[in-house]
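One structure below.
Read-outs: derived from the displayed coordinates by stated rules, not from any lab. Computed from a prediction, not measured in an experiment: that's the story for all the values here. Ideal geometry is used to build each Cβ from the backbone, glycine not excepted, and the neighbour counts take in all protein chains shown.
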Amino acid sequence: MTDTSNSQTNVRSEDSHIVRPWQDVTALGQDEATVLEGSSGIYVKDADGNNLIDGPGGMWCVNVGHGRREIIDAVVKQMEELSYFSPWTMSAPITTKLAERLAGIAPGDLNNVFFTTGGSTAVDSALRFVFFYNNCLGRPEKKQIISRVNGYHGSTYLSSSVSGKKSEKAHMDMAKGLCHFISSPKPKDRPKGMSADDFCDKLIAELEAKILEVGADKIGAFIAEPVMGSGGVVISPEGYFKRCHEICKKYDILFIADEVVTSFGRLGYYFASEDVFGVVPDMITTAKGLTSGYLPMGALFISDRLMADINSTTNEYRAFTSGFTYSGHPASAACAMANLDIFENDKLLEHVRDIAPYFAEAMKTLSDLPVVTDVRVIGLMAGVECELDADDPDEERDCAFAMKVDEACQDLGLLVRPIYNSCVMSPPLTITKPQIDKMVSILRAGITKAAAGE
Ligand code: PLP
């Protein structure tokens, strides 16, 4: 039973039967959530009938915007034709076509697509593939993973174990001895007086030192997001991602680019690894923008080289014994195909590349607010960091402030994603210049209102 009550400006729901992600289970049914009842374009509509700009684009995922008729029709048509097939023993034309299309747009030799149910299962599958690969190659010791502090890779046992957000591990168990963490490449953490180049050298030296400390023969893979999303939009120093890749190659360590957020247009390209950062990884994980969040689906891309390596070791049966009931689900595949059609028909990648400088300039105007201490922008993702007193840092206080900004913005017509002390924006890629202006002006008003304690 849902009891919907109106507060001053927002509609809240009390629900005692849903355990939400990251829910405080001691407060089941007592916490509040905005009730959404509709959506169109860059807007969602709450139960009071208020239109709110979808600043976070759902959860970094509604890339083509809400309510696209093309996707709805394609999914309905597919469901009418074939509602399900077992991916173990059967295939369906729509899923075959999607895999072929994805292989065509993926970088380099990443021609092998393993469908999953979302981002966590894509990362989980990538890690399991690392184990499988090294078992096949006769080096069962080479299984440990290097990841970064504040990286986020998902919520399964393996993907959470390689995630570096401390706050999410407090009461949870992680795979022991699996993962080694190196520093986040957050430019704001650069020591005073150190140049950006020297900071990058330092981070790369740390990666190499970690490999030497653990032993390259023990490290199976390095996993990294090209831009840390859930870490608060952390944009690494120039050349960092490419140099990490070079170090991995030097020590025969697989490079997994977690592009669950950055793929499918967020940075103006289908994949950011090669087009933005000049790297062709060994594996890429994707989800979210693959279906623009209309239906659940993820995809792990595996290079031809890895397949060939396994092939060359033996002629024996080598099954990757991993998979999901919904791997390559036909409705999700139809959704992804229609989503990609929209990218092509609307020239969405070109649009993002055209509008990204305007978005960056508009977001950076917020720097003049006294509580804003950093504005990070790349493509159509941004993090506006707030500190109530920069001389007296207090993480808890500033995280609470970011939540207040979200509340204030919701009252004014904008959804914000507070991450740590940053207000994060990743709007639908269809956003226009006037809509960016509106979004930024509401965010300015929301920050100002929250700072005034209103
Ligand atoms: N990897 C990254 C980089 C993510 O940002 C996320 C989710 O935000 C995931 C993996 C997990 O994806 P999902 O929530 O679809 O399981």
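Ordering Gly193, Val162, Thr286 by Cα displacement along the dipole of the stretch 71-345 toward the positive end leaves Gly193 in first place; charges were set at the Cβ atoms of Lys, Arg (+1) and Asp, Glu (-1).
Label positions at Ala445 and Glu168, each projected 7 Å from the Cα along the C-beta direction, are separated by 3.3 nm. Applying the Karplus relation 6.51 cos²θ - 1.76 cosθ + 1.60 with θ = phi - 60° to the stretch 144-157 yields 3J(HN,Hα) values of 7, 10, 10, 9, 10, 4, 6, x, 10, 10, x, 10, 7, 4 Hz, where x marks Gly and Pro. Distances between placed amide hydrogens fall under 5 Å for Thr116 paired with Gly298, Ala299, Leu300, Gly328, all partners being 5 or more residues away or on another chain. Helical content of the chain, expressed as a calculated mean residue ellipticity at 222 nm, amounts to -11500 deg cm²/dmol (DSSP H runs of 4 or more residues, -39,500 (n - 2.57) each, divided by residue number, nearest 500).
Projecting label points 7 angstrom from Cα along Cα→Cβ for Met90 and Tyr251 puts them 4.7 nm apart. Summing Lys and Arg as +1 and Asp and Glu as -1 over all other residues whose Cβ lies under 13 Å from the Cβ of Ser312 gives a net charge of -1. The shape of the stretch 173-213 comes out oblate: with a ≥ b ≥ c from the C-alpha gyration tensor, a/c is at least 1.5 while a/b does not beat b/c. From the Cα gyration tensor of the stretch 22-103, with a ≥ b ≥ c the square roots of its eigenvalues, which class applies: rounded if a/c is under 1.5, or else prolate if a/b is larger than b/c, or else oblate? Prolate. Scanning the chain for DSSP H helices at least 20 Å long along the axis (C-alpha atoms) with a Kyte-Doolittle mean no lower than 0.0 picks out 119-136, 196-214, 330-345, 348-364, 433-451.
When the Cα gyration tensor is reduced to axis lengths a ≥ b ≥ c, the ratio a/c is 1.5 or higher for the stretch 71-345, and with a/b above b/c it is classed as prolate. Between the amide H of His180 and those of Ile145, Ile146, Ser147, distances stay under 5 Å, these residues lying 5 or more places away or on another chain, with hydrogens modeled in the peptide plane. Simple spin-label estimate for Leu212 and Glu238 gives 2.7 nm between the two label positions (7 Å along the Cα-to-Cβ direction from each Cα). Below 8 Å, C-alpha to C-alpha, sequence gap of six or more: please give me the relative contact order for the stretch 71-345 in percent. This gives 30 percent for the stretch 71-345.
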